[in-house]
Amino acid sequence: MIQKEEQLEWLHQHQTKEPHLGLERVRRILALRGNPHLQISVIHIAGTNGKGSTIAHLRQLLQAKKLCIGTFTSPYLLNYNEQIAINGLPISDEDFYSLLQSYQELLKKQADDTILQEITEFEIITALAYDYFCQQEVDVVIMEVGLGGLLDSTNVCQPDLTAITTIGLDHTAILGATLADIAEQKAGIIKERVPVVTGKISSETLAVIHTIAQQHQASHVCYGKDYQVESVQGLEEGEDFLFSNAFRQKEGYQSALLGVHQVENAGLALELCDQYCSLKGLPLLSENEVRRALKRTYWPARLEKITNAPLILLDGAHNPHAMKALIASLESYFPDYQKHILFSCIQTKALDEMVALLKTVSKSQLFLTTFEDSRSFSTEEMQGLAKREKLAYVEWLPYLEQYKKVKHGEKELLLITGSLYFLANVRKYLISD
């Protein structure tokens, strides 16, 4: 077998700086593999933010039904394989590189196919994921949309259930300048007569989704109308909330994930689990089964506490919508804390707007940085912004090394936030240290 490094290098050669949307390349390569994506049960999840956390909750809930659950999520934090997992366990190197080699050989054989010549890294990984889950005969696959929905490579499936978590302004150059434009793209995952469940979404954008659902004769299950999630209080071990829907009277639960918005993600996941069980004729989870499943939920880099002394938090808020939720959580949990904030993001993001939001955090000092990645803003760009905004620019690694040497007060924290690609670098350093 070709060396792993060479295979990964081959895969990365298909990486594109800007997303290369469309379904024909993925359909073509999956057809050559026997259409595995049409042979599995899929729950398809789109949304600006909250997809990963919703999937993390949903996986635990469905696993509590003793189902075998495949998940496809992106980007990865520590290991490339973690994007494709079964019951939380990433695909093994043996399976991953064996499948990757078969795709490499297939594309070599099809070298004259003008459609496949344009295939991207994300499209290859999407196809490989569908293939792997089909081979492993999982009970259900939770697929996370990479970007948008309508033209995202994951959108070749025929799902049993779809969901849209949130709608916010992100990737506006690709998905459209308005919330309605973005909602239309996300709603592109809705299929004929396949129920769609929506999270907490403004009425203007919800109307766009509802219209598309009606066009597809898809039942639309709405947050606040068909199911209710009511935050009770935030505790250090998670968020307490009340939940009710067509299947349940008001029941009290707790999400193990920190963040005031996590109750919405947990509620959406529970609604999806109940809907899926109803569709498949499975008995619903009991209250205690739900409680245990939610307590087992874990999703890194979402208000994740890395160390207590000093208190260091990671949060992948990589667009203004997510940044507002993060700031609300900071003010809720740590109003009296002195906050040091280290921030970086990639070039497709609303840099100026996110920096403006971070500057509003009470009792805070904001530091801008950059990181090793072709998609990152350059040092010069971040230094220029820091100068214009009267902020400090630092190199993240020396800054963290120094921060950990200094003694900090009890009411002091460091928040590292922005791009998940940036956090992947930082988390690797902090965890291995």
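The values are calculated or read from the model by the stated rules, or taken from the named source; none is laboratory data. Owing to the predicted nature of the structure, the values given are computational and were not obtained by experimental measurement. When we count neighbours, we look across all protein chains shown, and the Cβ atoms used for this are built from the backbone with ideal geometry, even at glycine. The protein model used for the area step is the full one, side chains on, heavy atoms only, and it has no ligands, DNA or RNA in it. Shrake-Rupley method; radii C 1.70, N 1.55, O 1.52, S 1.80 Å.
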Exercise. Counting pairs of alpha carbon atoms under 8 Å apart in space and at least six apart in sequence, what relative contact order in percent does the chain give?
Worked result: 16
Seminar exercise, completed: With N residues in the range 184-287, Rg(alpha-carbon) / (2.2 N^0.38 Å) equals 1.13
Problem set entry | GNM flexibility winner over the chain from Pro283, Pro300, Pro90 (Cα, springs under 10 Å) | Pro283
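Could you give the dipole magnitude of the chain about its Cα centre, charging the beta-carbon of Lys and Arg +1 and that of Asp and Glu -1, in debye to the nearest 20?
Computed about the Cα centre, the dipole is about 740 debye.
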Exercise. Binning every alpha carbon pair distance of the range 26-136 at 10 Å from zero, what are the percents per bin?
Worked result: 13, 43, 33, 9, 1
Problem set entry | In sequence order, calculated HN-Hα J values of the range 48-59 (Karplus, 6.51, -1.76, 1.60; Hz; x Gly/Pro) | 6, 9, x, 5, x, 5, 4, 5, 4, 5, 5, 4
Seminar exercise, completed: Any residue on another chain or 5+ positions along whose placed amide H is under 5 Å from the amide H of Val42 is listed here as Val141, Asp160, Leu161
Exercise. Percent of accessible area on the range 1-159 owned by carbon and sulfur, 1.4 Å probe?
Worked result: 45
Problem set entry | Surface per residue (accessible, 1.4 Å probe) for the chain, Å² | 43
For this session: Sequence neighbours fewer than 8 away in the same chain don't count; with that in mind, list the aspartates and glutamates whose C-alpha is under 20 Å from Lys405.
Result: Glu395, Asp433
Seminar exercise, completed: Taking placed amide H atoms and a strict 5 Å upper bound, the residues 5 or more places from Leu257 or on another chain that come that close are Glu239
Problem set entry | DSSP beta bridge pairing in the chain, given as percent antiparallel to the nearest 5 | 40
Exercise. Of all the accessible heavy-atom surface of the range 304-432, with the other protein chains kept in place and a 1.4 Å probe, what percent is carbon and sulfur?
Worked result: 51
Exercise. Mind checking which lysines have their C-alpha under 25 Å from Lys65, skipping anything on the same chain fewer than 8 residues away?
Worked result: Lys51, Lys250, Lys280, Lys295
Problem set entry | Gaussian network model of the chain, springs between alpha carbon atoms under 10 Å - residue of Val290, Val196, Val145 with greatest fluctuation | Val290
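For the range 304-432, just run the numbers: alpha carbon Rg, then divide by 2.2 N^0.38 Å, N being how many residues it has. Provide the component values of the computation, followed by the final result.
Working: Rg = 13.6 Å, N = 129, 2.2 N^0.38 = 13.9 Å.
Relative to the 2.2 N^0.38 Å estimate, the range 304-432 comes out at 0.97.
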Problem set entry | Selected from Asp160, Asp170, Asp181 as most flexible by GNM, with the chain as the system and alpha-carbon contacts under 10 Å | Asp181
For this session: Could you give me the radius of gyration and the Dmax of the chain, taking only the C-alpha atoms into account and expressing both in angstrom?
Result: 21.5, 64
Exercise. Which cross-chain or sequence-distant (5 or more) residues have an amide H under 5 Å from the amide H of Thr166, H modelled 1.01 Å from N in plane?
Worked result: Thr48, Asn49
